[in-house]
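Asks: Can you keep this structure in mind? I'll have questions shortly.
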Amino acid sequence: MQDLDLASRLTQEHHQSLKLWLRMLSCTVKIENEIRGRLRATFGITLPRFDLMAQLERHPDGLRMGELSKRMMVTGGNITGITDQLERENLVQRVADPSDGRASSVKLTEGGRRAFASMAAVHEGWVAELLQPMSPDDKGQLIELLSQMKRHLG
């Protein structure tokens with residue numbers, strides 16, 4: 001009787017696709033863990049707090065909590081906790097939403113903008129350093145291939 005486990009049903013193409021998926025995930029996790037450690041050691045900030053500040057930096061008029069939750073792909077409770085921490089440190093502020101008096105938005109404070117600008121510059125350098133071993137041509141090719149994949153995934 002033939003063994004029908006998952007591995008025996010994979011075609012060479014599936015096997016290659018799974019290897020690709022695992023390789024992309026492995027690289028992402030390694031880079032993310034390195035950045036996470038450096039953010040904590042250098043700035044005393046977590047990656048989720050940095051990511052929330054990055055979202056707000058792109059939207060100077062602020063974002064509602066639900067929008068932050070959607071953009072960061074985490075629960076509203078997580079956003080509330082992160083926002084509370086950043087608010088205690090005077091890096092963000094909650095402001096009444098002018099279009100809906102019942103709702104509020106979160107914005108970077110002036111100090112938050114300055115702190116994020118300095119962290120973002122260092123963060124960019126870390127990413128460049130971590131990806132430095134790849135040639136510019138290889139990076140360009142990988143960007144194009146991943147862009148194609150993203151389009152196909154919709």
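Rule-based calculations on the coordinates, nothing more; no lab input. Quick caveat: nothing in here was measured; it's all calculated off a predicted structure.
Asks: Taking a quarter of the surface of the convex hull around the Cα atoms of the chain, what do you get in nm²? Write down the numbers at each step before the final one.
Replies: Details: hull surface 54.9 nm².
Mean orientational projected area (the chain, Cα hull): 13.7 nm².
Asks: For Ile45, what residues show an amide H to amide H distance below 5 Å, using hydrogens built from the backbone and excluding near sequence neighbours?
Replies: Placed amide hydrogens put Arg40 under 5 Å from Ile45.
Asks: Can I ask one more? Taking every eigenvalue of the Cα gyration tensor of the range 43-83, multiplying by 5 and rooting it, what semi-axes result, largest first, whole Å? It would help to have the intermediate numbers written out before the result.
Replies: Working: eigenvalues 44, 36, 12 Å².
Square roots of five times the eigenvalues give 15, 13, 8 Å.
Asks: Here's something else I'd like to know. Could you list which residues have their amide H under 5 Å from that of Thr109, counting only those 5 or more apart in sequence or on another chain, with H placed in the peptide plane?
Replies: HN-HN under 5 Å from Thr109: Val92, Gln93.
Asks: Would you grab the residues whose amide H sits under 5 Å from the one on Arg64? Only those 5+ places off in sequence or on another chain, please, with H modelled 1.01 Å from N.
Replies: For Arg64, whose amide H was placed from the backbone, the distant partners under 5 Å are Val106.
Asks: What angle, in degrees between 0 and 90 and rounded to the nearest 10, separates the Cα long axis of helix 136-153 from the longest principal axis of the Cα atoms of the chain?
Replies: For 136-153 against the chain, the angle is about 90 degrees.
Asks: Further question: Hey, what did the range 26-154 get for relative contact order, percent, Cα under 8 Å, at least 6 apart? Show your work: numbers first, answer last.
Replies: Numbers: 103 pairs, mean separation 28.5, N = 129.
Reported as a whole number, the value is 22 percent.
Asks: Then there's this: Setting aside same-chain residues fewer than 8 positions from Lys70, which lysines have a Cα under 28 Å from its Cα?
Replies: Lys30, Lys107, Lys150
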